[in-house]
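> Provided herewith is a single structure, encoded as structure tokens, for subsequent inquiry.
Only the coordinates and a few stated rules stand behind these numbers; no lab work does. What you are looking at is a predicted structure, and each value in this text was computed from that prediction instead of being measured. Backbone-built Cβ (ideal geometry, glycine too); neighbour counts: all protein chains shown.
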Amino acid sequence: MNKLTKSRYSIGSFLCMIGGVAVFVMVILVTYSSISRYFFGQAINYMEEVAGLLLMLVAFLSFAHVYNRRGHIRVEIILDFVPKKIRDWLIILNKLMLLFYLFIFVKLTYDFVKMSYAMDCHTADAQLYEVPWMACMPIGGALLAYCVLVSLIEDIAQIIRGNHLEAEQVEVAEEHLKI
């Protein structure tokens, strides 16, 4: 595996660990809030806000890991009925379209974060500063774009070598996940 491939899997794994910690913290906080409500009759007011922000962190930062593990939803019925050469180029086209939409996503969410910063946005109850949490959107999108770009470069290299994509992609992913 080359350095780019290792970097995309390392980024995904690192973000997955951050997401795991966030889920753990979310479970602890929600459990504490529920026990506090049940036994003491009052819940922590801002717990829903914190849980929502942690969920947003998990959702957006997990993009790269899910992409690398091929865990996203794919509809491959069309690819099953076309010749392998056409299938390879359809996969390339798919990744180019994904990069285009990710560019738009990152741009729009970055503008949203800038606007939130300019407005000095805070959550309603806890008064938590929202910008770091909102920054998960463009960061997650940008890291996913990096993973897609590296994957695209790998796919083009495979096509140039005369190999078909699907088997190679699965082998590379499985090789890394064993490590």
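> Per residue, how big is the convex hull around the C-alpha atoms of the stretch 20-90? Give it to me in cubic angstrom, could you?
110
> Per DSSP H run of n ≥ 4, the term is -39500 (n - 2.57); total these for the chain, divide by its residue number, and report the mean residue ellipticity at 222 nm rounded to 500 deg cm²/dmol.
-26500 deg cm²/dmol
> Mind listing the phi-derived Karplus ³J(HN,Hα) values for the stretch 49-60, rounded to whole Hz, using 6.51, -1.76 and 1.60 with θ = phi - 60°, and x for any glycine or proline?
Listing the rounded values in order: 5, 5, 4, x, 5, 5, 5, 5, 4, 4, 4, 7 Hz.
> Another one. Give, to the nearest whole percent, the P(r) tail of the chain beyond 25 angstrom, counting all Cα pairs.
47
> Oh, and also: Quickly work out the ARG69-to-LEU96 label distance, labels modelled 7 Å from Cα along the C-beta direction, and quote it in nm with one decimal.
So the two model labels end up 3.1 nm from each other.
> So for the pair LYS84, VAL25, with labels modelled 7 Å out along Cα→Cβ, what separation do we get in nm?
4.8
> Same structure, new question: For ALA43, project a label point 7 Å along Cα to C-beta. Then give me every residue of the stretch 17-33 with its amide nitrogen under 18 Å of that point.
The answer is 25-33.
> If you average the C-alpha positions of the stretch 97-151 and of the stretch 69-84 separately, how far apart do those two centres end up, in angstrom?
Spelled out, the Cα-based centre of one part sits 29 Å from the other.
> Then there's this: If amide hydrogens are placed 1.01 Å from N in the peptide plane, which non-local residues have theirs closer than 5 Å to the one on HIS122?
Placed amide hydrogens put GLU130 under 5 Å from HIS122.
> What angle do you read, to the nearest 10 degrees and between 0 and 90, between the alpha-carbon axis of helix 3-40 and the longest principal axis of the chain?
30
> Using a Cα distance threshold of under 25 Å, what count of lysine pairs results for the stretch 3-178 when pairs must be 8 or more residues apart or interchain?
7
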